[in-house]
Amino acid sequence: MDLRRSPTLGATAHGNEPITRLEHAIAAFMTDLLRQEIAATSHLIVVKVGTRVLTRDDGSLNEERIARLAEDLSAVADTGRRVVLVSSGAVGAGMGRLGLSKRPTDLATLQAVAAIGQARLIETYEGAFRRHNRHVGQVLLTAGDLDHRTSYLNVRNTLLALLEFGAIPIINENDTVAVDELLTTFGDNDRLAAMVTNLIRASLLVILSDIEGLYNGDPKDPASRLVSTVPKIDETVYEFVRDKATGLSKGGMASKLEAARLCTSGGENVIIASGRRETVVRDVLAGQPLGTLFLAQGKSVTPWKRWIGLTAQPRGKVRVDDGARKAIVEDGRSLLAIGVVELEGKFQKGDIVSVIDGEGREFARGLTNYRWEDLDRIKRLKSDQIAQVLGRLPYKAVIHRDNMAVVRGRA
């Protein structure tokens, strides 16, 4: 029986009560089996911990919580599993080191505080893990480091080498150069954790939050219920974190859903659980029903297509007609010039571009064989007409199917 395709699980994941007590019991039993299966087969995991979990109410670093996290992860590593930690908290650590009571608001000061705090953060982790005879290795990244294939592979090789030494790689956004992460209270490290999960092909991402998981309403509302299992991230799920008045996503859970989408699209599982629980990672890996489980979608994606579809950032967009979309999604065909309708952005040959439909929804990404100027001249043309316009036929396909990944973007 494929538990991931269970209609009962699908119903409970979207906040609807099972019809009978028997169905409820069956759903709970199947969920427990599924969690135990995932726990038993997760030998390489990524754990992401956010600022709110690691800091006190005044924003300063909570060293006691880091000590408990180090104990938890060390116990997991002692079982033979390999663990990578993506950690926020540099600004909080810097505030404590400098004696600041409020988070700075201007960019230059934030970056300076983060630079000071990063040293403090890794020092705290080093001391905490050393008590359990574990080495740590600091890796500072920005999303741009993973955009280029060579540096992407270099990061992967470094992380795997650290794991071979039995060390715990501790990854953080390079806050001294990453502007967007500092100006928001959430976002980039959730995405970074998802990108790292796809990078090393970890079978499970555990996101430690300041709440228990995904709720089907405002977590502060007593009527809201924790969603145990999400078979598929769709618009119904996004509605749980959308403000009813403005229609905009709100809170840190929105970025966590995007991280979960990236991972599950690559064929990996994600669990969002409370980082306030002292043994949370051990309990998750024991198959306990904690937090919200997001199920992998289909088979694991190849490393090449993970990079194309889930990591590297597009340099432009190519709008295609319905026929081209069908050929790509349903038939696994390459994108030809005749199916191209419109272009956005000034991309070059070899850049990754988004492939979007008539309504502007991304459904694929790929490496373009043509720069934007040439593609603009040959769009809507048959392959045998390209040479007449360009004077040559360098490629029949605009994006070859081997260099394209279908992505499960939001509708």
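We did not get these values from a lab; they are worked out from the coordinates using the rules stated. Remember, it's a predicted structure, so these values are computed and weren't measured experimentally. Here the Cβ is made from the backbone with ideal geometry for all residues, glycine too, and neighbour counts use every protein chain on show.
Could you tell me whether Gly166 is over 17 Å from Ala77 (Cβ atoms) and small (Gly, Ala, Ser)? So Gly166 does not fit the description; no.
For segment 354-373, which positions are under 24 Å from the mean Cα position of the chain (by Cα) and among the polar types (S, T, N, Q)?
Taking segment 354-373 first, the residues under 24 Å from the mean Cα position of the chain (by Cα) are 354-357, 360-367.
If the condition is that a residue be under 24 Å from the mean Cα position of the chain (by Cα) and among the polar types (S, T, N, Q), then Ser354 is the only one that fits.
Residues of segment 210-226 that are over 19 Å from the mean Cα position of the chain (by Cα) and part of a loop (DSSP other than H, G, I, E, B): Asn216, Gly217, Asp218, Pro219, Lys220, Asp221, Pro222, Ala223, Ser224, Arg225.
I want to confirm something. Restricting to segment 220-240 and keeping residues that are of a type outside the set (Ser, Thr, Tyr) and closer than 26 Å to Ala286 by Cα, which single residue is surrounded by the fewest Cβ atoms within 10 Å (Cβ to Cβ)?
Narrowing segment 220-240 to residues of a type outside the set (Ser, Thr, Tyr): 220-223, 225-227, 230-235, 237, 239-240.
Those still in the list that are closer than 26 Å to Ala286 by Cα too: 225-227, 230-233.
Values: Arg225: 13, Leu226: 15, Val227: 21, Val230: 26, Pro231: 24, Lys232: 16, Ile233: 23.
Here the answer is Arg225.
Would you confirm, using the coordinates I've provided, whether Gly323 is free of Cβ contacts under 8 Å to residues at least 60 places away in the same chain, buried (at least 21 other Cβ atoms within 10 Å of the Cβ), farther than 30 Å from Ser74 by Cα and over 27 Å from the mean Cα position of the chain (by Cα)? Spelling it out, it is not the case that Gly323 is free of Cβ contacts under 8 Å to residues at least 60 places away in the same chain, buried (at least 21 other Cβ atoms within 10 Å of the Cβ), farther than 30 Å from Ser74 by Cα and over 27 Å from the mean Cα position of the chain (by Cα).
For the condition of a type in the set (Asp, Glu), touching a strand residue (DSSP E or B) at 6+ places or on another chain (Cβ under 7 Å) and closer than 20 Å to Ile356 by Cβ, Asp331 does not qualify. Somewhere in segment 329-349, is a residue crowded, with 17+ Cβ neighbours inside 10 Å, within 23 Å of Ala259 (Cα to Cα) and free of Cβ contacts under 8 Å to residues at least 40 places away in the same chain? Checked against the condition, which is being crowded, with 17+ Cβ neighbours inside 10 Å, within 23 Å of Ala259 (Cα to Cα) and free of Cβ contacts under 8 Å to residues at least 40 places away in the same chain, segment 329-349 yields no hits at all. Within segment 350-369, restricting attention to residues that are among the small types (Gly, Ala, Ser) and surrounded by fewer than 21 Cβ atoms within 10 Å (Cβ to Cβ), the residue that is farthest from Glu258 (Cα to Cα) is Gly350.
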